[in-house]
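Undergrad: Below is the structure I would like to discuss, written out as structure tokens.
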Amino acid sequence: MEFFEKLGNVANKTCKYTTQQTNRLATITKLKWKMSDCKAKINDLYTELGKIVYENNVREEMDDFEDRKNEHCKKIDKLADEIEEYRKKILKLNNRRQCPKCYTEIYTVFNYCPNCGEAQSNDDKGKDTANNEPDKNDENEKNKVSPGTDIKNDDNEDYSEFEEA
Ligand SMILES: [Zn+2]
């Protein structure tokens, strides 16, 4: 009896876990999609900006040249900020962050950067609960990641650290 109860619990947990993983991957995919959308918009703005500069150069007087130029630059800045936000969210969903000193992507559980040794502030740990992050408070998951773990900078294809034993 007890055995089957246990088995049921495991199955339940695994099912829940898989759903969380699926949600997480879906969120990451969505964020990546938004990112490339922003990049495409930036490219369009660059093209327009180039045209404005060219036209201004040829005609030599474009009353609103500065305004139009600034407006485009502002839009590009905004989109770049947006991309940065998405990038950070994706990192977080992968339980990673960027070292503020050397910009290496490292696991959030690390107290020191394995690359440059910079102490990592853990202030933001656990703050963000709205991000579909499945294992934020799962100590077992945290313990699985040791400083000896191979750190890859390849985006998020490597989920081996999340696999249930
Ligand atoms: Zn570092």
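Undergrad: Taking a virtual spin label 7 Å from the Cα of R87 along the C-beta vector, which residues in the range 27-60 bring their backbone nitrogen under 19 Å of it?
TA: Label zone hits: 28-46.
Undergrad: Here is a further query. Largest first and to the nearest Å, give the Cα extent of the range 1-98 along each principal axis.
TA: The Cα atoms of the range 1-98 stretch 87, 20, 16 Å along the principal axes, largest first.
Undergrad: Still on this model: Measure up K32/K74; K78/K101; K41/K88; K69/K92; K39/K89 against 27 Å on the Cα-Cα distance and list the ones that go over. Walk me through the numbers on the way to the answer.
TA: Values: K32/K74 22 Å; K78/K101 24 Å; K41/K88 20 Å; K69/K92 35 Å; K39/K89 17 Å.
Going by Cα-Cα distance, K69/K92 fall outside the 27 Å limit.
Undergrad: I want the local charge near C99. Using Cβ-Cβ distances under 9 Å, sum +1 for each Lys or Arg and -1 for each Asp or Glu among the other residues.
TA: Details: positive: R97, K101; negative: E105, E118.
Charge balance near C99 sits at 0.
Undergrad: Taking amide H positions as placed in the peptide plane 1.01 Å from N, state which residues far from Y112 in sequence (5 or more) or on other chains have amide H under 5 Å from it.
TA: Residues meeting the criterion, in which the H sits 1.01 Å from N, are Q120.
Undergrad: Among residues other than N56 whose Cβ falls under 12 Å from its Cβ, what is the net charge (Lys/Arg +1, Asp/Glu -1)? Don't skip to the answer; put the middle values down first.
TA: Details: positive: K51, R59, R68, K69; negative: E55, E60, E61, D63, D64, E66, D67.
Spelling it out: positives minus negatives among the neighbours equals -3.
Undergrad: Can you tell me the FRET efficiency between K16 and E71 if r is taken as the Cβ-Cβ distance and R0 is 30 Å, rounded to the nearest 0.05?
TA: Computed FRET efficiency for K16 and E71 comes out at 0.05.
Rule-based calculations on the coordinates, nothing more; no lab input. Treat the numbers as computed from the prediction; the structure is a model and nothing was measured. Cβ: placed from backbone, ideal geometry, glycine included. Neighbour counts: every protein chain shown.
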